[in-house]
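The structure under discussion appears below in the form of structure tokens.
The values are calculated or read from the model by the stated rules, or taken from the named source; none is laboratory data. In this text, all values refer to a predicted model and were calculated from it rather than measured experimentally. Counting neighbours? That spans all protein chains shown, and the Cβs are built from the backbone with ideal geometry, glycine included. With ligands, DNA and RNA removed, areas are computed over all heavy atoms of the protein, side chains included. Shrake-Rupley method; radii C 1.70, N 1.55, O 1.52, S 1.80 Å.
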Amino acid sequence: MAVASDIVVAIARRLAERAGLELPAWVVEARAATRMEALALPAADYVQLIESSRGGAELDELIEAVRVGETRLFRHRAQIAALVDVIAPALRASRKRTIRVWSAGCAAGEEPYTLALVLARALPGVQLSIAATDVSADALAIAQIGAYRASALADVPEEYRDGFVSDGELIRLRPELAALVRFERANLVDGAAPRQCDLVWCRNVLIYFTPDARRRAIERLVAATVPGGYLFVGYSETLRDIAALDAMRSGETVYYVRRDGTAEAPRRPTPPPVARRPLPSTVPPPDAANPWRNVRDTPPPMRIPATPPPIDVLALRGHPDARTLTAELTVRLAVAGLQKLVIDLDAAELLADDLAPVLRRARAASAAAHVVLELRATRTGTRRWLARHGLADSATGEQP
């Protein structure tokens, strides 16, 4: 479905007003066209809807469709190395009993969980508090479940793999570490922001904002950081033009230190090497004399499954719910080497209407990941449900 350029401009303007997003025209057109077809609305009526007071829910739906949420455990190792080798020793030297962290734009939770694992090991005896925010309710639902394909463990360095436990075909961060992270839905542009953070982590978010939204977002990030605190952004993003920040370098990584207004920002410390320690079985209290005294034996290494087949089949059964389906699709579409995902709908006894937006978002996500998404439906009622929700073009009645 082609969308006129003036309609695309109007929709893009509304996305910028609501979420501060500045996206390529083709992305706006493709996602908006899908929503128009699903609602059976002409383009002009769709614009009128999202500009009206009753169109807030649909605008949120469109934001979900266009948002960028690609992430993984231990993404961008050079920044993790800077966190371990530079930032953590400096935080230890500060002798603070509590360290506050903000993971802004946390997507499906991989980044704040990585921070929890790394900092719990690097800062023994310190109480950690990690606030993780994102504009996407769907992404946060997945993050709170905190379950990822076992193949995601391939991105985790060997010395950190004992921070995860097996759960069937999935892995989860140890509960005592996952408990360090608190998730909350918030818009970085105009939503509430944490305060007094020693570390702010906001990767690959600012590049999608309009100039005005970027300015407002940066103001919030800086205001959330304590003087002398640290701020990380994506490799393609820069904060060198922000007067309140000093740019620092560690190897290939550039990070930022908030100035305190009275003295030069601290330079890289040169601490003695810190021996790697096993993860504690529970998070110790900050005043424990020996926070590692109750460490249990490290569990045996987890076996990483063989490379999955290029075609995967997900059969929906009973009364599938939107939240569980969202989590399952996110996990399956993240599998490396996947070429085709078949969703078999025939075994489901009831397909609720709230499953349709999940399947539409999965279709968009699969296209971005170059994965063929096929909805298998042979029953008349199932095919009618797909047609009613504008999903019939992805359906097939053939065996996968």
Starting from 0 in steps of 10 Å, tell me what percent of the Cα-Cα pairs of segment 1-98 lands in each bin.
14, 36, 14, 13, 15, 7, 0
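Given N residues in segment 158-217, what is Rg(Cα) / (2.2 N^0.38 Å)?
That works out to 1.58 for segment 158-217.
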FRET efficiency, A315 to S94 (Cβ-Cβ, R0 51 Å, nearest 0.05)
0.45
Given a 1.4 Å probe and the protein chains all in place, what does the accessible area of D212 round to, in Å² to the nearest 10?
70
Obtain the nm distance between the two label points defined at A137 and E17 by a simple spin-label model: each point lies 7 Å from its Cα along the Cα-to-C-beta direction.
2.1
Ignoring ligands and nucleic acids, what accessible area does E17 show with a 1.4 Å probe (Å², nearest 10)?
110
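Between A40 and D393, what's the calculated FRET efficiency when r is the beta-carbon distance and R0 is 22 Å? Round to 0.05.
With a Förster radius of 22 Å, E is 0.95.
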How do H319, H76, H370 rank by accessible surface area computed with a 1.4 Å probe, from largest to smallest?
H370, H319, H76
Test of understanding: what is the full-extension gain from T324 to S129, defined as 0.36 nm times their sequence separation minus their Cα-Cα distance?
67.5 nm
Can you compute the label reach from D354? Point 7 Å from Cα along the Cβ direction, backbone N cut-off under 20 Å, restricted to segment 80-122.
108
Order of exposure, largest accessible area first, which applies to K96, K340 with probe 1.4 Å:
K96, K340
Which Rg and Dmax, in Å, describe the Cα atoms of segment 125-174?
12.9, 34
Added length on full extension, which subtracts the Cα-Cα distance from 0.36 nm per residue, I207 to R54
52.1 nm
Compactness index (Cα Rg / 2.2 N^0.38 Å), segment 130-255:
1.19
Those residues of segment 214-258 whose amide nitrogen sits under 13 Å from the label point placed on A78, 7 Å along Cα→Cβ:
233-237, 249-255
When all protein chains stay in place, what accessible area (Å², nearest 10, 1.4 Å probe) is found for W201?
10
Residue-normalised accessible area of segment 91-131, given per residue in Å² at a 1.4 Å probe
30
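Run the numbers for D167 and Q196: contour at 0.36 nm per residue of separation, minus the present Cα-Cα distance, in nm.
Values: separation 29, 0.36 × 29 = 10.44 nm, distance 3.58 nm.
Additional length available on full extension: 6.9 nm.
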